[in-house]
Amino acid sequence: MIAWAILFAFACYGAGLLCNLWRIVRGPTNADRILALDTMVINVIALLVLYGIENETVIYYEASMLIAMVGFVSTVAYCRFILRGDIIE
């Protein structure tokens, strides 16, 4: 039963990634693209956690934490670049 639930969750998050990719390509503004990129990072984190559950290993949890930290910093840096034109003042 858990195998079917994990497979369903993989499919849902994969569809979410495709929708986010569509928003990045067709986003009318830069803010839409930033939001889609941030949501893509969250979906990738969820996929890594699901993969760790499926393989019963903890290395993927650590990788998801690293991606979460890098994703947060990159989102903030990209927003600052769009708003101010530079990242470091």
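Since every read-out is calculated from the coordinates, none of them should be taken as a lab result. Only a predicted model underlies this, so the values are computations on that prediction, with no experimental measurement involved. We place every Cβ from the backbone using ideal geometry, glycine too, and count neighbours over all the protein chains shown.
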Regarding the stretch 60-80, can at least one residue be identified that is in a helix (DSSP H, G or I), under 15 Å from the mean Cα position of the chain (by Cα) and of a type in the set (K, R)?
no
Pairs please, first residue from the stretch 58-76 and without any contact (Cβ under 8 Å) to a residue 24 or more places away in the chain, second anywhere and among the small types (G, A, S) and assigned to a helix (DSSP H, G or I), Cβ atoms under 7 Å, 6+ apart in sequence or on different chains.
V58/G52; Y60/G52; Y61/G52
Would it be correct to say that L83 is under 18 Å from the mean Cα position of the chain (by Cα) and part of a helix (DSSP H, G or I)?
no
How about the stretch 17-76: which of its residues are under 17 Å from I6 (Cβ atoms), out of contact with any helix residue (DSSP H, G or I) (no Cβ under 8 Å at 6 or more places or on another chain) and polar (S, T, N, Q)?
N55, T57
Counted residues, the stretch 41-59 - those being part of a helix (DSSP H, G or I), β-branched (V, I, T) and over 16 Å from the mean Cα position of the chain (by Cα)
2
Inside the stretch 9-40, can you point out the residues that are under 12 Å from the mean Cα position of the chain (by Cα) and touching a residue at least 40 places away in the same chain (Cβ under 8 Å)?
I34, L37
